[in-house]
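What follows draws every value from the coordinates through simple rules; no lab data is involved. Since the model is a prediction, treat every value here as computed from it, not as a measurement. For neighbour counting, all protein chains shown are included, and Cβ atoms are generated from backbone atoms with ideal geometry for every residue, glycine included.
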Amino acid sequence: MKRRVPFPVLFAIALTIAALLPIYVERTMTHVMFADGSGGTIEWGWKRCTLRSYCADYHYMRREQRPALWLGINAGLAFVYASIATLGAIATLGLRRSFRRQDDIRQ
C-alpha cells in the first residue's frame, strides 16, 4: 500500500504555486498632469498581478493606496487559494483510493 502525502507537504506545494499565479489585486494610482498647465487629476484603478510583483511595487506605493491592508488581503488570499487546492487534492486522492478499494472488493 502506498504512503499518503502529508497535508503540510501538499500545502507548501500549493502555496508556492498560488504565489506565482497572477490572481492578486493591486490598487493603482495615476497622477495625470495636463499640458496646458491647468492642473491635473488623480485616477484610481485596479491591476491583477502576482504576489511577487505586488511586493516589488510595495515600496513605491503611496499612503493613500493603503499598501499594508492590501498586502494582508493578498497574503490571506494566497492561504485561501492554497487551502482550497490542498483540500481538493486530498479529496481527489481519497476518491481515487476508494474507487480502487471497490474494484478490489468486486474481484
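A simple count of charges around ILE42, restricted to other residues whose Cβ falls under 11 Å of its Cβ and scoring Lys, Arg +1 and Asp, Glu -1, yields -1. Segment ASP36..ARG48, full-extension length gain: 1.0 nm, with 0.36 nm per residue of separation and the alpha-carbon distance subtracted. Each residue in ARG63, ARG52 was given a count of other beta-carbon atoms within 10 angstrom of its own, and listing them fewest first yields ARG63, ARG52. Taking amide H as placed 1.01 Å from N in the peptide plane, the amide H of THR28 sits under 5 Å from that of GLY45, TRP46, LYS47, each at least 5 places away or on another chain.
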